[in-house]
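Peer 1: Before anything else, here's the structure in question.
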Amino acid sequence: MRNTALIIVDVQNDFCPGGALAVNEGDQVIPPLNRAAETIAHQGGLVLASRDWHPRETKHFAEFGGNWLVHCVPNTHGAEFHPNLKLPEGTVIISKGVGAEDDGYSAFEGRTADGKTLDEALKAHGVQWRDDGEQAYQVSYTPLCSEWMAEQRTRCAQSCLSLGFTPTRRAHA
Ligand SMILES: [Zn+2]
């Protein structure tokens with residue numbers, strides 16, 4: 001499991017019931033995610049958690065020409081991870097959509113606190129692809145599911161594949 005990573009995507013209050021862009025029953029992903037995260041961390045794998053992390057003024061938001069209501073602005077309740085989400089010690093946080101021009105639809109567009117891309121963070125932990133065509137490593141990712149997040153899910157999966165990782169789904173509400 002050392003070569004395994006779990007990428008928890010945007011389990012933030014604004015995407016859960018009661019939030020600005022709530023996914024109906026989106027919080028149902030949390031118990032299986034907690035179990036998967038605990039297992040993977042216990043076995044030496046890497047747990048990463050992405051978060052939307054938008055400035056108050058961004059082209060991502062409808063009032064500035066984008067598609068979305070205001071959500072996941074740092075230092076607001078909506079931007080915080082859901083309180084029931086249990087991130088193991090050592091979880092790497094990936095912030096995305098940070099710039100005023102960025103949508104940040106894929107966790108692969110985000111960065112860690114020390115400036116690494118997700119790709120770099122995975123490789124630093126030994127989660128890599130092999131160039132002989134064998135699928136030796138897997139990245140599991142666990143997006144909240146809704147119609148409007150389908151694009152994000154697809155982009156994340158495409159990013160995974162284009163970087164040589166094999167995305168698999170662990171949990172799905
Ligand atoms: Zn967003």
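The values are calculated or read from the model by the stated rules, or taken from the named source; none is laboratory data. Owing to the predicted nature of the structure, the values given are computational and were not obtained by experimental measurement. Ideal geometry is used to build each Cβ from the backbone, glycine not excepted, and the neighbour counts take in all protein chains shown.
Peer 1: Residue check: is Ala100 within 15 Å of the ligand (Cβ to nearest atom), modelled with pLDDT of 90 or more and assigned to a loop (DSSP other than H, G, I, E, B)?
Peer 2: So Ala100 fits the description; yes.
Peer 1: Tell me yes or no: at least one residue of the range 33-46 is over 13 Å from the mean Cα position of the chain (by Cα), within 21 Å of Gly18 (Cα to Cα) and more than 10 Å from the ligand (Cβ to nearest atom).
Peer 2: yes
Peer 1: Then there is this: Can you spot a residue in the range 57-66 that is assigned to a strand (DSSP E or B) and either under 25 Å from Gly115 (Cβ atoms) or of a type outside the set (A, V, I, L, M) (or both)?
Peer 2: Within the range 57-66, one or more residues are assigned to a strand (DSSP E or B) and either under 25 Å from Gly115 (Cβ atoms) or of a type outside the set (A, V, I, L, M) (or both).
Peer 1: Here's something else I'd like to know. Limited to the range 1-36, what total is found for residues that are touching a Gly at 6+ places or on another chain (Cβ under 9 Å), closer than 19 Å to Lys123 by Cα and not charged (D, E, K, R)?
Peer 2: Summing the residues that are touching a Gly at 6+ places or on another chain (Cβ under 9 Å), closer than 19 Å to Lys123 by Cα and not charged (D, E, K, R) in the range 1-36 gives 5.
Peer 1: Please specify each residue of the range 1-15 satisfying the condition of being of a type outside the set (A, V, I, L, M) and within 27 Å of His42 (Cα to Cα).
Peer 2: Listed by number, the residues that qualify are Arg2, Asn3, Thr4, Asp10, Gln12, Asn13.
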